[in-house]
Amino acid sequence: MTLYLWCKAFHIIAVIAWMAGMLYLPRLFVYHCAAEKGSVQSETFKVMERRLLRVIINPAMIAAWVFGLWLAWLGPDSPYGWFASGWLQAKIVLVLGLSAVHGLFARWVKDFAADRNRHSQKFYRIINEVPTILMIAIVILVVLKPF
Ligand code: HEM
């Protein structure tokens with residue numbers, strides 16, 4: 001039981017760090033769009049985006065998955081843990097969606113780094129809402145466990 005609770009504590013810490021980055025990175029993209037290519041501002045945004053992705057978002061996502069799957073496996077009184085529960089299956093689908101958005105963000109960081117951004121400010125403002133919506137649904141699923 002203690003192991004389960006420690007796992008849950010680190011899962012929540014990882015999820016907070018992952019979400020902080022996933023909510024902040026598209027805001028950086030919005031401001032980066034307004035900065036002229038080659039300007040000091042644009043180069044600064046490149047460094048901020050790369051560091052946020054590599055130092056926070058990538059490791060936090062890996063930790064959230066590792067501790068989340070560990071929790072699912074340890075689940076209440078095992079042997080197959082939470083895996084048979086509908087709420088966890090639905091949650092995993094949504095988290096796969098969040099991980100796909102993460103992959104798109106990583107691609108856009110590369111595009112900005114090469115001065116090859118192809119999207120508008122408005123596009124990034126809209127995309128900014130996707131992680132928020134997924135996070136709300138994921139937290140409701142795991143806390144209420146409606147099915
Ligand atoms: C990466 C894949 C993930 C897996 C496999 C996973 C799985 C789990 C499991 C099995 C639990 C334990 C539930 C319990 O003890 O009642 C848990 C707890 C939790 N998860 Fe995840 N999770 C993942 C990602 C996420 C994400 C992305 C979020 C938020 C955006 C999140 C938020 C939470 C919260 C807040 C709890 C604590 C719920 C409570 O104690 O009532 N998880 N997770």
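The values are calculated or read from the model by the stated rules, or taken from the named source; none is laboratory data. Computed from a predicted structure; not experimentally measured. Reconstructed Cβ throughout: ideal geometry from the backbone, glycine too, with neighbour counts over all protein chains shown. Only protein heavy atoms, including side chains, enter the accessible area calculation; ligands, DNA and RNA are left aside. Shrake-Rupley method; radii C 1.70, N 1.55, O 1.52, S 1.80 Å.
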**Message:** Which numbered condition in (1) open to solvent by 30 Å² or more (accessible area, probe 1.4 Å); (2) under 27 Å from K8 (Cα atoms) is the only one that G81 fails?
**Reply:** (1)
**Complete:** Those residues of segment 31-47 which are hydrophobic (A, V, I, L, M, F, W, C) and within 14 Å of D111 (Cα to Cα) amount to C33, F45, V47
**Request:** Name every residue in segment 91-121 that is away from the ligand (no atom under 12 Å from the Cβ), part of a helix (DSSP H, G or I) and in contact (Cβ under 8 Å) with a residue 60 or more places away in the chain, in order of residue number.
**Result:** F105, W108, V109, F112, A113, Q121
**Message:** Among the numbered criteria (1) open to solvent by 60 Å² or more (accessible area, probe 1.4 Å); (2) under 19 Å from the mean Cα position of the chain (by Cα); (3) more than 10 Å from the ligand (Cβ to nearest atom), which one does A34 miss?
**Reply:** (2)
**Asked** Which of (1) touching a residue at least 12 places away in the same chain (Cβ under 8 Å); (2) under 21 Å from A114 (Cβ atoms); (3) open to solvent by 60 Å² or more (accessible area, probe 1.4 Å) is the odd one out, the single condition Y24 does not satisfy?
**Response** (2)
**Asked** Does L88 qualify as being more than 13 Å from the ligand (Cβ to nearest atom), open to solvent by less than 40 Å² (accessible area, probe 1.4 Å), in contact with a Leu (Cβ under 9 Å, 6 or more places away or on another chain) and modelled with pLDDT of 95 or more?
**Response** no
**One residue from G75, G68 being open to solvent by less than 90 Å² (accessible area, probe 1.4 Å), within 8 Å of the ligand (Cβ to nearest atom), of a type outside the set (K, R) and more than 19 Å from the chain's Cα centre (by Cα)** = G75
**Prompt:** Within segment 4-15, is there a residue that is within 14 Å of the ligand (Cβ to nearest atom), of a type in the set (A, V, I, L, M) and within 24 Å of D111 (Cβ to Cβ)?
**Reply:** no
**Asked** So which residues in segment 127-147 are surrounded by 12 or more Cβ atoms within 10 Å (Cβ to Cβ) and either away from the ligand (no atom under 12 Å from the Cβ) or not in a helix (DSSP H, G or I) (or both)?
**Response** I127, N128, V130, K145
**Request:** Sort through V109, V55 and tell me the only one that's under 16 Å from L28 (Cα atoms), open to solvent by 50 Å² or more (accessible area, probe 1.4 Å) and among the hydrophobic types (A, V, I, L, M, F, W, C).
**Result:** V55
